[in-house]
Amino acid sequence: CDRINIAIDGPAGAGKSTVARLVAGQLGYIYIDTGAMYRAVTLSAQRLAIAADQDEALSLLLDKLEIALIRGEEGQSVLVNGEDVTADIRSLEVTREVSYYAASQSIREVLASLQREMAARKGVVMDGRDIGTHVLPDAEVKVFLTASARERALRRYKEMNNHEISLDELEAEIAKRDYLDTKREIAPLIQAEDAYVLDSSGMTIEEVVADIIRLCRTKL
Ligand code: C5P
């Protein structure tokens, strides 16, 4: 049957990437983590000491960046100009600043068009903040995945092996990122009108995945 595109949006730590990866695996689709792309640009800019509001410098930088998402044995790797930055893009420095860079028009334009190209042949599960609203407004399935702020912080906390920040700090960091992502001018985090809203508080990953697969089957 025909392949479809699936958009999964929602606030930080809602479990989007885990769920999107599993849904893609079950359908034999390609998983695309758009947050990783914003993180990769942020890391590259930070290394060159380019601030989030230096639009011209960011534009020049983007011209020189080649971002690749590679499917490996242990999940997805992110390459920037051939360098594996998979671990570096998850650092606290990147996490704390990525939402400022993600507000830049130049960055959003370049990444959104890359993302549309990646989805052009259908059969992708893409997770992010603006996929259902801006990047793929025609996606056949749109999910807005959320959970309470405390639960999202707690899940992230359990994932961390070196507890470099406390649970309270983590919750504050997530809340701040959500605030910035929701309030920005261009393509803010907002639920698409036609999105299926899934509050995963109290649900297991398996239940969330099964729910989304059920929804996809109705469109296949
Ligand atoms: O998904 P993740 O938490 O890795 O995303 C990191 C940041 O990248 C988000 O907080 C947001 O600022 C930005 N982002 C975005 N649009 C997307 C995906 C991520 O603005 N589609």
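Table for the structure above
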| read-out | value |
| --- | --- |
| Selection within the stretch 170-191 - part of a helix (DSSP H, G or I) and loosely packed, with under 14 Cβ neighbours inside 10 Å | K176, Y179, T182, K183 |
| The stretch 36-51, subset near the ligand (Cβ under 9 Å from one of its atoms) and open to solvent by 10 Å² or more (accessible area, probe 1.4 Å), residue farthest from I190 (Cα to Cα) | R39 |
| Residue check, A112 open to solvent by less than 60 Å² (accessible area, probe 1.4 Å), in contact (Cβ under 8 Å) with a residue 12 or more places away in the chain, out of contact with any Gly (no Cβ under 8 Å at 6 or more places or on another chain) and under 19 Å from R39 (Cβ atoms) | yes |
| Residue within the stretch 192-207 that is part of a loop (DSSP other than H, G, I, E, B) and in contact with a Pro (Cβ under 8 Å, 6 or more places away or on another chain) present | yes |
| Whichever residue in the stretch 12-23 is buried (at least 21 other Cβ atoms within 10 Å of the Cβ) and on the phi < 0 side of the Ramachandran plot and, among such residues, is nearest to the ligand (Cβ to nearest atom) | A12 |
| Pair list, Cβ < 7 Å and 6+ apart or interchain, from the stretch 90-106 residues that are within 12 Å of the ligand (Cβ to nearest atom) to residues that are among the aromatic types (F, W, Y) and part of a helix (DSSP H, G or I) | V98/Y38; Y101/Y38; A102/Y38 |
| Single match in I107, I67 (criterion: under 25 Å from A139 (Cβ atoms) and touching a strand residue (DSSP E or B) at 6+ places or on another chain (Cβ under 8 Å)) | I67 |
| Selection count where residues are closer than 21 Å to Y38 by Cα and not hydrophobic (A, V, I, L, M, F, W, C), scope the stretch 182-209 | 6 |
| For I174: the one exception among (1) within 16 Å of the ligand (Cβ to nearest atom); (2) in contact with a Cys (Cβ under 8 Å, 6 or more places away or on another chain) | (2) |
| Residue check, K122 surrounded by fewer than 23 Cβ atoms within 10 Å (Cβ to Cβ) and in contact with a strand residue (DSSP E or B) (Cβ under 6 Å, 6 or more places away or on another chain) | yes |
| Pair list, Cβ < 6 Å and 6+ apart or interchain, from the stretch 144-156 residues that are open to solvent by 30 Å² or more (accessible area, probe 1.4 Å) to residues that are in a helix (DSSP H, G or I) and at pLDDT below 90 | none |
| Filter pass, D33 being acidic (D, E) and either open to solvent by less than 30 Å² (accessible area, probe 1.4 Å) or under 16 Å from R108 (Cβ atoms) (or both) | yes |
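The values are calculated or read from the model by the stated rules, or taken from the named source; none is laboratory data. Note that this is a predicted model, so its numbers are computed, not measured. All Cβ positions, glycine included, derive from the backbone under ideal geometry; neighbour counts span all protein chains shown. Only protein heavy atoms, including side chains, enter the accessible area calculation; ligands, DNA and RNA are left aside. Shrake-Rupley method; radii C 1.70, N 1.55, O 1.52, S 1.80 Å.
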